[in-house]
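Beneath this line is the structure, given in structure tokens, with notes to follow.
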Number of protein chains: 2
Amino acid sequence: MKKNPSLVDVARRANVNISTVSRTIHQTGKIGAETQARVQKAMHELGYKPNRVARRLRARDVATHLIGLIIPNIQNPFFADLARGVEDVAYRNNFAVMLCNYDEDEKKEHFYLDVMQAESVDGIILPPIHEQDPAVLQVVQNGTPVVCVDRILSSGNLDKVEVDNHSGALEAVKHIIAQGHRRIGIIGGPADSSTGRERLSGYKDAHASANLAVKPELVRFGDFKQESGQRLANELLALASPPTALFVCNGLMTAGALEAIAALGLRIPKQIAIVGFDELPLASVFNPPLTVVRQPAYEVGQSAAELLLKRIADASRAPTSLKLQPNLIIRKSC
Amino acid sequence: MKKNPSLVDVARRANVNISTVSRTIHQTGKIGAETQARVQKAMHELGYKPNRVARRLRARDVATHLIGLIIPNIQNPFFADLARGVEDVAYRNNFAVMLCNYDEDEKKEHFYLDVMQAESVDGIILPPIHEQDPAVLQVVQNGTPVVCVDRILSSGNLDKVEVDNHSGALEAVKHIIAQGHRRIGIIGGPADSSTGRERLSGYKDAHASANLAVKPELVRFGDFKQESGQRLANELLALASPPTALFVCNGLMTAGALEAIAALGLRIPKQIAIVGFDELPLASVFNPPLTVVRQPAYEVGQSAAELLLKRIADASRAPTSLKLQPNLIIRKSC
DNA sequence: TTTTCTTGTGCAAACGTTTGCTTCGGTTCA
DNA sequence: TGAACCGAAGCAAACGTTTGCACAAGAAAA
């Protein structure tokens, strides 16, 4: 294992003290021009790369150029897009991103939260697993900047970026109703997630504004994974009087529901109409093309990263809360 | 910023030396039973969490439980699956994963390679951007364990996990030929990537074994992103005598090609048949369901992580090279 | 000439670990 | 009664930075 050159090596070669080298790198303090040149030369010759670990250890109070991103599931295209948004902004600002998946598993979320603190990242971006997550609050109290995305935390005065789930769902279900549907099944998210709740409330409000009663048997709660979409769609479609349209609250579950529909041989939209949350890679070329609520996932990631970077630069700024608008893309599935 | 408790705090509270605390944690050296108990108690009361940064700084020669994963694009489902494979294995072994996207951009790849070395990760998993990537070799020479996935490095005797691209493409194109097609367009990957080359060679060999000539105008090279799939499909389909079938060398480009086909209003498979590399989320419920070469992406990630962990544990083991088989899933698009 | 600023540089502490070495009391063995 | 050993715990160095402080030498001010 060849050791990387350190400050000491550079200093020795340039015949100066390590502090001079450090100050040359950071342009802090007064250093004579020709000394700087000598140091630069030595660094170059040795191929010196600062050791980020040592830097982080020493300077708790200084930006270490590392942020953490903890997401439920990288296989969900929504989060993949979001992650790209975060990463692109980070890269432009010379930050590295440490990305972890918690897979909707609270234990895993906590493990990664611990890891990130132990790595002393400059800040963390995450969708909290549910609205009162004491572990996240704990981190905040420790002084680590946190930006919530997608899902929010009920307590805690934090920077956050969310999507207007209520209005997205409202618009979608209004559209479904406008197509003449009266029995509309919903495959929702977990009841304790803010996104799940808000989308459900949009569904309910759309019913209310059309003077339609919500039928409890048409309301199901999934876990945002594909399998639950399939299972719940099957349950709904097996009802004595099944829904004529389905509103599915995320992309993966929509894919699952589509599988169920395909297996049953039902025709879309005649026998069963469907509107899903989240754009999917093949949605526009699907046959029929899918009507979906498109979330600006990439932009959510970007904004969150920008907010986090601002907070890292200035811990005292007032928390900002952004709400991005989704948009209903009407195609042929409803 | 509340400071996390350190070894010193624990030691003070338990009335012992920090070394005793450290040794209690790692069960190294002889520590009396009641001392251990006292230390445990103190750690618990203080909520002590070891500082990973300090640990990494101190112990260059000891596993620091952090591995790096550098991938071209997290928005490509193949890599998302692969990443999950890596992450699951890592998590089971108490390793954290630092994930970065280089977006097929060499400068970005190098930036992240630098970052990971500077973070002194225990090892790195990556698909090299092309076959002779000096930066990667440099890292290897520095003594950092590296496992290549998906794409390989021509020099360097490394652990690697690849997919049998040649046989996957061969089988797929043989199937296309067996369906009666004689003019088969290929939308390939970059010519300097091993995956691109191998898939192309499978395409050629399938032609050869059927005594078919490869028509140069039917061979196009994309960049594994969606846009290029769309553009090249349009080019191919605009030919004076267009292909009757398309073989598309990755999932994102397949989605792009599908867009082009949909825009042209062509019917699959009658007017244009299509087989793509990579399974896609909606492929099985697509209309018609897509015939694809499924790559065991998750398993590639798993195996790579296992290999890397083994190498971290024992630097002197002989490099292992794994080749996983893809399988052709015949559905209705060809 | 002496005093007071600059300017450029070095010294050394600190961050939180891990670990080789030392120390110290107590057994065991001759 | 020593010599030799052993088990338990402490001391201090090291990892590679950053940074407050000290210091020397020359310049400016008195």
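Taking a straight Cα-Cα cut-off under 20 Å and skipping sequence neighbours fewer than 8 places away in the same chain, the lysines within cross-link reach of B:Lys3 are B:Lys41, B:Lys49.
Would you give the gap between the C-alpha center of region B:124-175 and the C-alpha center of region A:198-232, rounded to a whole Å? Result: 46 Å between the Cα centres.
Please determine, in degrees from 0 to 90 and to the nearest 10, the orientation of helix A:165-178 with respect to the longest principal axis defined by the Cα atoms of chain A, where the helix direction is its Cα long axis. Here the helix axis deviates by roughly 30 degrees. Residues within the reach of a label modelled at B:Glu227 (point 7 angstrom out along Cα to beta-carbon, backbone nitrogen below 18 Å), restricted to region B:101-116, are B:102-108.
Shielding of peptide A:134-143 by partners, expressed as the average count of other chain Cβ atoms within 10 Å per residue Cβ, is 1. Can you list the residues of region A:92-116 with backbone N under 19 Å from a point 7 Å past the Cα of B:Ala135, pointing along Cα to Cβ? Answer for region A:92-116: A:92-99. Across identical copies of the chain, B:Ile329 has label-point separations of 2.2 nm, listed in ascending order, with the point defined 7 angstrom from Cα along Cα→Cβ. Here each label is just a point 7 Å from Cα along the line to Cβ, and for A:Arg183 and A:Glu45 those points are 8.4 nm apart.
Against chain B, whose longest principal axis is taken from its Cα atoms, helix B:106-118 shows a tilt of about 20°. When each of A:Leu212, B:Leu246 is scored by the number of other beta-carbon atoms lying within 10 Å, the sequence from fewest to most is A:Leu212, B:Leu246.
If R0 is 41 Å, the Cβ-Cβ spacing of A:Ala210 and A:Ala318 corresponds to a FRET efficiency of close to 0.55. Using the Cα centre of chain A as origin and beta-carbon charges of +1 (Lys, Arg) and -1 (Asp, Glu), tell me which of A:Asn76, A:Asn165, A:Asn250 is placed farthest towards the positive end of the dipole. The one lying farthest along the dipole's positive direction is A:Asn76. Rounded to the nearest 20 debye, the dipole size of the protein assembly as shown about its Cα centre is 860 debye, using +1 on the Cβ of Lys and Arg and -1 on the Cβ of Asp and Glu.
Given R0 = 35 Å, the distance between the Cβ atoms of A:Gln271 and B:Glu235 translates into a calculated FRET efficiency of 0.35. The other copies place their A:Leu137 label points at 5.6 nm from this one, listed shortest first, where each point is 7 Å from Cα along Cα→Cβ.
What does the charge count near B:Lys332 come to, summing +1 for each Lys or Arg and -1 for each Asp or Glu among other residues with Cβ under 14 Å from its Cβ?
Here the charged neighbours net out to +3.
DSSP bridge analysis restricted to chain A gives an antiparallel fraction near 10%, rounded to the nearest 5. Around the Cα centre of region B:7-50, unit charges on the Cβ atoms of Lys, Arg, Asp and Glu (plus for the first two, minus for the last two) sum to a dipole of about 40 debye. Shortest first, A:Ala318 label-point distances to identical copies amount to 6.8 nm, with the label point at 7 Å from Cα along Cα→Cβ.
Taking 12 Å as the straight-line reach from the Cα of A:Lys204, the aspartates and glutamates in range (excluding those fewer than 8 positions away in the same chain) are A:Glu171. Each of B:Thr35 and A:Ala37 was given a label point 7 Å from its Cα along the Cα-to-Cβ line. The distance between the two points is 5.9 nm.
Per-residue mean of foreign Cβ neighbours for A:115-122 is 5 (Cβ atoms of other chains, 10 Å radius). Can you tell me, using C-alpha contacts under 8 Å and at least 6 residues apart, the relative contact order of region A:7-50 as a whole percent? With pairs under 8 Å counted, the relative contact order is 43 percent. Counting charges near A:Gln40 (Lys, Arg +1; Asp, Glu -1) among other residues having Cβ under 15 Å from its Cβ returns a value of +2.
Taking the DSSP beta bridges with both ends in the protein assembly as shown, the antiparallel portion is around 10 percent.
If you line up the long axis of helix B:297-313 against the longest principal axis of chain B, both from Cα atoms, how many degrees apart are they, to the nearest 10? Around 30 degrees separate the two axes. Label-to-label distance for A:Ser201 and A:Ala263 is 3.4 nm, based on points extended 7 Å past Cα in the beta-carbon direction.
The relative contact order of chain B comes to 18 percent, based on Cα pairs under 8 Å that sit 6 or more residues apart.
Read the figures in this text as sums done on the coordinates, not as results from a lab. It should be emphasised that the depicted structure is a prediction, and the values quoted were computed from it without experimental measurement. Quick reminder, even Gly has a Cβ in these numbers, built from the backbone with ideal geometry, and neighbours come from all protein chains shown.
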